[in-house]
1. Filter segment 66-81 down to the residues that are surrounded by fewer than 17 Cβ atoms within 10 Å (Cβ to Cβ) and at pLDDT below 95, then identify the one that is farthest from Met1 (Cα to Cα).
2. How many residues, within segment 41-63, are closer than 18 Å to Arg8 by Cβ and outside any loop (DSSP other than H, G, I, E, B)?
3. Listed residues Lys35, Lys26; which is surrounded by 20 or more Cβ atoms within 10 Å (Cβ to Cβ), of a type in the set (D, E, K, R) and more than 14 Å from Arg110 (Cα to Cα)?
4. Against the condition open to solvent by less than 70 Å² (accessible area, probe 1.4 Å), touching a residue at least 40 places away in the same chain (Cβ under 8 Å), among the aliphatic types (A, V, I, L, M) and touching an Asp or Glu at 6+ places or on another chain (Cβ under 9 Å), how does Val95 come out, does it pass?
Amino acid sequence: MIVLDLPRSLWWSANDRLHWRARADKTAAVRVLAKAAARGTERYQRAVLDVQVHYPTNARADPHNVASTVIKAAIDGIVSAGVLPADDDKHLTAVTISRGPKTSVAGIYRLTLTLEEAPV
């Protein structure tokens, strides 16, 4: 399990209209943090990934809106750490996204990423 706590400044969703440079900076930062958090994690050739998205409050949210933003950057960091050889469909066969319990810390968002060996 890889747990990634992110401040509001590194959180964005598909609904946000960010300047390309701001988006690139956030993506790079999340990728580096995920790579560091993934160190020492078991390595997989083929895996399924379950992602829980934790928000600071219980307000309504759409966890799938961060799939192409924060979650994609985190997956790239996991690949950079060597946990998976790549994030293509041969190596990462499925990704599920759900909402997890709130973080209860103002301005802190969390991703809990759980990898399991994929059936052949």
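1. Looking at residues that are surrounded by fewer than 17 Cβ atoms within 10 Å (Cβ to Cβ) and at pLDDT below 95, I get Ser68.
2. 3
3. Unique residue meeting the criteria: Lys26.
4. yes
The values are calculated or read from the model by the stated rules, or taken from the named source; none is laboratory data. In this text the structure is predicted, and so the values were computed from the model without any measurement. Heads up, the Cβs are rebuilt from the backbone with ideal geometry, glycines too, and the neighbour counts pull from every protein chain shown. The accessibility values were calculated without ligands, DNA or RNA, using every heavy atom of the protein model including side chains. Shrake-Rupley method; radii C 1.70, N 1.55, O 1.52, S 1.80 Å.
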